[in-house]
Amino acid sequence: MNKACSMISLANKAGKLVTGEDAVRNSIRNGRVKLVIISEDASDNTKKRMSNSAEFYSIPFIVWGLKDDFGISLGKSARTVLGITDENFSNGIKAKLIDEVRKKEKPGGGFIE
């Protein structure tokens, strides 16, 4: 499990996480969500619907991870969309994901497979 998944798990235990498409969209509309994480293996329709909602309300979103991995880190069944409701957890998870991407980059650009 990587550091971002660990932080997501911690946010869940702290009650600062909303899971599921409908719950996350309602929380976006209510202004509670600070970061939206959409799984890479979500359907194109789900990705579009969630990214449009996040953009409309000026909430950052990331397409990252697999829904089965989200479920495992939360101790639940597969989850496609996660909403982080705490600013500090949001900033921490974004920082961990940026670090993860930088470590995968090749010196000349691109990504290591």
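Readers should treat all values here as calculations from the given coordinates under stated rules, not as data from a laboratory. Fair warning: this is a prediction, and the values are worked out from it, not measured in the lab. For neighbour counting, all protein chains shown are included, and Cβ atoms are generated from backbone atoms with ideal geometry for every residue, glycine included.
Using only alpha carbon pairs under 8 Å that are at least six residues apart, calculate the relative contact order of the chain and give it in whole percent.
On the way: 155 pairs, mean separation 38.6, N = 113.
The value is 34 percent.
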**Report entry** Under 5 Å, built H, 5+ apart or other chain: amide partners of residue 35
**Finding:** 84
Requested in this report: For n ≥ 4 DSSP H runs only, could you compute -39500 (n - 2.57) per run for the chain, divide by its residues and tell me the 222 nm figure to the nearest 500?
Outcome: -16500 deg cm²/dmol
Report task. Note the angle between two axes, namely the Cα long axis of helix 44-56 and the longest principal axis of the Cα atoms of the chain, as a number of degrees from 0 to 90, rounded to the nearest 10. Result -> 70 degrees
Query raised in the report: Roughly what angle does helix 21-30 make with the longest principal axis of the chain, taking Cα atoms, 0 to 90 degrees, to the nearest 10?
Result: 70 degrees
Query raised in the report: In Å, the Kirkwood hydrodynamic radius of segment 1-63 over pairs of distinct alpha carbons?
Result: 12.2 Å
Query raised in the report: So, with +1 on the Cβ of K and R and -1 on the Cβ of D and E, and no other charges, what is the size of the charge dipole of segment 34-101 about its Cα centre, to the nearest 20 debye?
Result: 220 debye
Query - Signed unit charges on C-beta, dipole axis of segment 3-104, positive-most listed residue 95, 75, 59 - result: 95
Query raised in the report: Semi-axes, largest first, in whole Å: what does sqrt of 5 times each Cα gyration tensor eigenvalue give for the chain?
Result: 22, 16, 14
**Report entry** In degrees, nearest ten, helix 3-13 long axis to first principal axis of the chain (Cα)
**Finding:** 20 degrees
Report summary line: Other residues with Cβ under 15 Å from the Cβ of residue 29 give, with Lys and Arg +1 and Asp and Glu -1, a net charge of +1
**Report entry** Karplus (6.51, -1.76, 1.60) ³J(HN,Hα), θ = phi - 60°, over segment 31-40, in Hz, Gly and Pro reported as x
**Finding:** x, 8, 7, 9, 8, 10, 10, 10, 6, 5
Report summary line: Taking placed amide H atoms and a strict 5 Å upper bound, the residues 5 or more places from residue 17 or on another chain that come that close are 85
